[in-house]
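*Asks:* Pasting a structure below so you can have a look.
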Amino acid sequence: MSNAIPAHVPPELVVDFDIFNPPGADTDYFAAWQTLQHADGDGLVWTTANGGHWIATRGAVVRALWADAARLSSEVLAVTPGLGETMRLIPLQQDGAEHKSFRAAVMKGFGGRHIVALEASVTALAEELIADLIRRGTCDFMPDFAEILPVHVFLSMIDVPVTDRAILRPLGAQLTRPDGTMGVVELRDAVDAYLHPYIAARLAQPGDDLLSRIIAEPIEGRAWTLDEAMRMARNILFAGLDTVAAMLGMIAMHLARHPEDQQLLRENPTLIPAAADELMRRYPSASVSRNAVVDVPVGSLTIRAGDIVYLPGVLHNLDPACFDTPERVDFDRKLNPIHHTTFGAGAHRCVGVGLARMEVIAFLRAWLAAMPPFAIDPARPTTMRAGNVGILTSLPLVWQV
Ligand code: HEM
């Protein structure tokens, strides 16, 4: 890809903003993105980084483009060159009628009663991890808790040994924040090598797990092929690990910084589901890429067919034109979760939202019930990394034993 600025991009809208490394993201991912909040134009800027692409900067534009699946395809997957062609995720990279049939099958696997059935084991794991940590008086929340829970959930969903946690977690991180040590083909092959025997076995003999339930759903009256089942499993793996780990981290960081919110939820655990929804709005860490299939006018600008546009959830959920005092966490906010973009908008809105919400609520209930008041350890750095999912890399917590 060339870094030349296309003729249809007004020069005053050109910035040098690397979504994998925005300035200051290592300490505050959200503030780093908010540096673009006041960039003008019609809610779009063009960055020369990562091959050159648009970034939507105004909340209303982020949301409108996200929901416009007819003109903006998700085939490109991400601004990382070659990633989309290599991963071919189902249903994330599909469009139109094809997407609809595959998504319908995937949705069946994530039905509400299946999520309810998983809840007890997620709570049990959370309690087990907490019981081990509590005596220490300190932890790094990311490796000690946030990164463990979602991998465990994924492994139990496809019914494979939970001892495989150590293999999967680094692969999930490579997709959302590649560190250059693995090429995209190498990454896909590593994931496929892991998943292949399980997928082939479930296709031959379906079990009672989520993966089996999905591939038991016919697509337009025919069975899934092995290739399609692999692409779908890849999608679920990559979509459900880092996103949940990132969310758990951001929420723990918020509570560590706000002892009054800890106290409120400890004293009123019935507020936890509404608090989870508000915290998930306040800390959106997923952003997506789209490739225009036709020209898309935005105010006086045009996203030309073939251009890539990047849609950061942060710049929608934290835009004061879209949410009142958006940076304030308000458990009484009358929030319609469909209105924020933490889980996307429109045809591709997250199919795992019910599962993610359950994991967050289970964490909050178990953690607040068992842990004494906790705070960020001022002696150790809290660090973050940006990418398609922005995440804390270290969140040192302390509490009295
Ligand atoms: C807090 C955690 C999560 C967040 C923030 C999140 C966020 C998102 C977002 C923003 C999208 C839209 C992508 C797009 O428009 O291109 C999405 C789609 C998706 N998510 Fe999630 N997600 C989370 C958890 C999960 C979990 C736990 C799973 C499954 C295990 C999952 C599976 C999926 C799938 C399969 C899609 C693609 C849907 C489609 O294309 O129709 N997600 N997610």
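The values are calculated or read from the model by the stated rules, or taken from the named source; none is laboratory data. Here the structure is a predicted model, which means the values were calculated and not measured. Neighbour counts are summed over all protein chains in view; Cβ atoms, including those assigned to glycine, are modelled from backbone coordinates with ideal geometry. Note: accessible area is taken over every heavy atom of the protein model, side chains too, but ligands, DNA and RNA are not part of it. Shrake-Rupley method; radii C 1.70, N 1.55, O 1.52, S 1.80 Å.
*Asks:* Mind counting the residues in the range 293-339 that are free of Cβ contacts under 8 Å to residues at least 40 places away in the same chain and within 16 Å of the ligand (Cβ to nearest atom)?
*Replies:* 2
*Asks:* Inside the range 214-291, counting only helices (runs of 4 or more DSSP H) that do not spill past its ends, which hold 1 or more residues that are within 17 Å of Gln94 (Cβ to Cβ) and away from the ligand (no atom under 15 Å from the Cβ)? Give the derivation first.
*Replies:* Details: elements: 226-240, 242-257, 259-267, 272-282.
Result: 226-240.
*Asks:* Could you list, in sequence order, all residues of the range 73-112 that are among the basic types (Lys, Arg) and assigned to a loop (DSSP other than H, G, I, E, B)? I'd like the intermediate steps shown before the answer.
*Replies:* Of all residues in the range 73-112, those among the basic types (Lys, Arg) come to 88, 100, 103, 108.
Scanning the range 73-112 gives a single hit, Arg88.
*Asks:* Out of Leu89, Leu118, I need the residue that is of a type in the set (A, V, I, L, M, F, W, C), open to solvent by 10 Å² or more (accessible area, probe 1.4 Å) and within 13 Å of the ligand (Cβ to nearest atom). Which one?
*Replies:* On the way: Leu89 fails: open to solvent by 10 Å² or more (accessible area, probe 1.4 Å).
Testing whether each residue is of a type in the set (A, V, I, L, M, F, W, C), open to solvent by 10 Å² or more (accessible area, probe 1.4 Å) and within 13 Å of the ligand (Cβ to nearest atom) leaves just Leu118.
*Asks:* In addition: Being under 24 Å from the mean Cα position of the chain (by Cα), open to solvent by 40 Å² or more (accessible area, probe 1.4 Å) and of a type outside the set (D, E, K, R) is the filter here, so list the residues in the range 197-239 that pass it.
*Replies:* If the condition is that a residue be under 24 Å from the mean Cα position of the chain (by Cα), open to solvent by 40 Å² or more (accessible area, probe 1.4 Å) and of a type outside the set (D, E, K, R), then Ala239 is the only one that fits.
*Asks:* In the list Asp377, Asp319, which residue meets the criterion of being more than 30 Å from Gln93 (Cβ to Cβ), open to solvent by less than 40 Å² (accessible area, probe 1.4 Å), modelled with pLDDT of 95 or more and among the acidic types (Asp, Glu)? It would help to see each step written out before you state the result.
*Replies:* Numbers: Asp319 fails: more than 30 Å from Gln93 (Cβ to Cβ).
Residue meeting the stated conditions: Asp377.
Here's the yes/no breakdown for (1) in contact (Cβ under 8 Å) with a residue 24 or more places away in the chain; (2) within 13 Å of Pro312 (Cα to Cα):
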| residue | (1), (2) |
| --- | --- |
| His8 | yes, no |
| Val15 | yes, no |
| Gly24 | no, no |
| Ala31 | no, yes |
| Leu44 | yes, yes |
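*Asks:* Then there's this: When you check Arg290 against the structure, is it surrounded by 15 or more Cβ atoms within 10 Å (Cβ to Cβ), basic (Lys, Arg) and in contact with a Ser or Thr (Cβ under 8 Å, 6 or more places away or on another chain), yes or no?
*Replies:* On the way: surrounded by 15 or more Cβ atoms within 10 Å (Cβ to Cβ): yes; basic (Lys, Arg): yes; in contact with a Ser or Thr (Cβ under 8 Å, 6 or more places away or on another chain): yes.
It is true that Arg290 is surrounded by 15 or more Cβ atoms within 10 Å (Cβ to Cβ), basic (Lys, Arg) and in contact with a Ser or Thr (Cβ under 8 Å, 6 or more places away or on another chain).
*Asks:* Ala69 is checked against (1) touching a Gly at 6+ places or on another chain (Cβ under 6 Å); (2) within 10 Å of the ligand (Cβ to nearest atom); (3) part of a helix (DSSP H, G or I) and fails just one. What number does that condition carry?
*Replies:* The number of the failed condition is (3).
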